[in-house]
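S.K.: Supplied in structure tokens, the structure appears directly below.
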Amino acid sequence: MKFGIVVFPGSNCDRDVAYVTHNVLRAPTRMVWHEETDISDLDVVILPGGFSYGDYLRCGALAQFSPVMQRVVEHAQQGKFVLGICNGFQVLTEAGLLPGALIRNRDLHFICDRVPLQVERTDLPWTSAYSTGQVITLPIAHGEGRYYADPDTLKALEDNHQVLFRYCTATGAIDEFSNPNGSVNNIAGICDRTGRVLGMMPHPERASDPLLGGTDGLKLFQGLVGNLVGATMTTINLASRVAAGCSTQL
């Protein structure tokens, strides 16, 4: 499997993600400049954190018009995987790949901290290495990370179990005191209905190496890789059996 990390003017977490996918996971990885229009070689596309286009107009608003984003939309429509982290999450909502919006933090302050999150479900590749209800700790660094959606959209998200991560206390309590930015329903990360497009404000790549003080984020990448590699091997084995059967018949 191969990762592609999109680099917009203003991205500043792209190399952090590449360190995890290439150096830690030893997976093929390439940087994708925002003007590229061919990403057909990629299995997973990651939109990293940072300040794409200087966050002019609105966070992620200009990045959605980059030439590569039409290819990212098609990539998702083909059933492939997309991850948006922080600014990348903002880009995904602006591009319509995820519902809702990210707006100014409740107290209008930029927040840089490590926060507890509760893992809501583990039946998707992204969260398969965690346990349901597990409390993990990931860094956050944003000024416009307050997730918002209208009541109908919010109900659909909850009914379809599209919320993967929520802000919580160290013991797993979900309340307003554990909500760092005022996100509705303490939402920290959501997926689309297919479960293949994930957007999250916390930074898993910044918690994927013991040298950084934590490895809770590494399991997100490991779970994805494990599932994709496993699925590939199953397909290869099935194809081999079919070919062997055909050879026997011939």
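The values are calculated or read from the model by the stated rules, or taken from the named source; none is laboratory data. Just so we're clear, the structure is a prediction, and the values are computed from it rather than from any experiment. Heads up, the Cβs are rebuilt from the backbone with ideal geometry, glycines too, and the neighbour counts pull from every protein chain shown.
S.K.: Across region 50-80, what is the number of residues that are basic (K, R) and at pLDDT 95 or above?
M.R.: Total meeting the criteria: 2.
S.K.: Additional query: Does any residue of region 166-188 turn out to be surrounded by fewer than 17 Cβ atoms within 10 Å (Cβ to Cβ), of a type in the set (A, V, I, L, M), at pLDDT below 95 and not in a strand (DSSP E or B)?
M.R.: No: zero hits.
S.K.: Would you check if G60 is touching a residue at least 60 places away in the same chain (Cβ under 8 Å) and crowded, with 19+ Cβ neighbours inside 10 Å?
M.R.: No; evaluated as a whole, the condition is false for this residue.
S.K.: Which ones in region 146-164 are assigned to a loop (DSSP other than H, G, I, E, B) and surrounded by 16 or more Cβ atoms within 10 Å (Cβ to Cβ)?
M.R.: A149, Q162
S.K.: Right, something else. Please name all residue pairs, on different chains or six or more residues apart, with Cβ atoms under 7 Å, provided the first residue is in region 10-33 and is under 16 Å from A141 (Cβ atoms) and touching a residue at least 24 places away in the same chain (Cβ under 8 Å) and the second residue is part of a strand (DSSP E or B) and of a type outside the set (A, V, I, L, M, F, W, C).
M.R.: G10/G50; S11/G50; N12/G50; C13/G50
S.K.: Under 9 Å between Cβ atoms, which residue pairs at least 6 apart in sequence (or on different chains) link something in region 151-168 that is touching a residue at least 24 places away in the same chain (Cβ under 8 Å) with a partner that is surrounded by 22 or more Cβ atoms within 10 Å (Cβ to Cβ) and of a type in the set (F, W, Y)?
M.R.: L164/W126
S.K.: Next up: Looking only at region 220-237, decide whether some residue is under 26 Å from V24 (Cβ atoms), at pLDDT 95 or above, touching a Pro at 6+ places or on another chain (Cβ under 6 Å) and hydrophobic (A, V, I, L, M, F, W, C).
M.R.: yes
S.K.: Considering I103, I85, I111, which residue is of a type in the set (V, I, T), under 17 Å from I140 (Cα atoms) and touching a helix residue (DSSP H, G or I) at 6+ places or on another chain (Cβ under 8 Å)?
M.R.: Working: I103 fails: touching a helix residue (DSSP H, G or I) at 6+ places or on another chain (Cβ under 8 Å); I111 fails: touching a helix residue (DSSP H, G or I) at 6+ places or on another chain (Cβ under 8 Å).
Result: I85 is the single residue among I103, I85, I111 that is of a type in the set (V, I, T), under 17 Å from I140 (Cα atoms) and touching a helix residue (DSSP H, G or I) at 6+ places or on another chain (Cβ under 8 Å).
S.K.: S183 - would you say it is of a type in the set (S, T, Y), closer than 27 Å to E94 by Cβ and touching a Ser or Thr at 6+ places or on another chain (Cβ under 7 Å)?
M.R.: Details: of a type in the set (S, T, Y): yes; closer than 27 Å to E94 by Cβ: yes; touching a Ser or Thr at 6+ places or on another chain (Cβ under 7 Å): no.
For S183, the condition - of a type in the set (S, T, Y), closer than 27 Å to E94 by Cβ and touching a Ser or Thr at 6+ places or on another chain (Cβ under 7 Å) - is not met.
S.K.: Separate question: Conditions first: (1) loosely packed, with under 15 Cβ neighbours inside 10 Å; (2) farther than 19 Å from S178 by Cβ. T132 passes all but one, so which condition is the exception?
M.R.: Evaluating T132 over (1) loosely packed, with under 15 Cβ neighbours inside 10 Å; (2) farther than 19 Å from S178 by Cβ leaves (2) as the failure.
S.K.: Return yes when Q70 is surrounded by fewer than 21 Cβ atoms within 10 Å (Cβ to Cβ) and over 21 Å from L164 (Cβ atoms) and no when it is not. Outline the logic, then answer.
M.R.: Numbers: surrounded by fewer than 21 Cβ atoms within 10 Å (Cβ to Cβ): yes; over 21 Å from L164 (Cβ atoms): yes.
Considered against the rule, which asks whether it is surrounded by fewer than 21 Cβ atoms within 10 Å (Cβ to Cβ) and over 21 Å from L164 (Cβ atoms), Q70 comes out as yes.
S.K.: Also, quick follow-up: Within region 135-145, how many residues are more than 30 Å from D55 (Cα to Cα) and surrounded by 22 or more Cβ atoms within 10 Å (Cβ to Cβ)? Talk me through it step by step, then tell me what you get.
M.R.: Step one: list which residues in region 135-145 are more than 30 Å from D55 (Cα to Cα), which gives 135.
Subset that is surrounded by 22 or more Cβ atoms within 10 Å (Cβ to Cβ): none.
Residues flagged as more than 30 Å from D55 (Cα to Cα) and surrounded by 22 or more Cβ atoms within 10 Å (Cβ to Cβ) within region 135-145 amount to 0.
S.K.: Taking the stated definitions as given, is D113 out of contact with any Asp or Glu (no Cβ under 8 Å at 6 or more places or on another chain) and modelled with pLDDT under 95?
M.R.: It is false that D113 is out of contact with any Asp or Glu (no Cβ under 8 Å at 6 or more places or on another chain) and modelled with pLDDT under 95.
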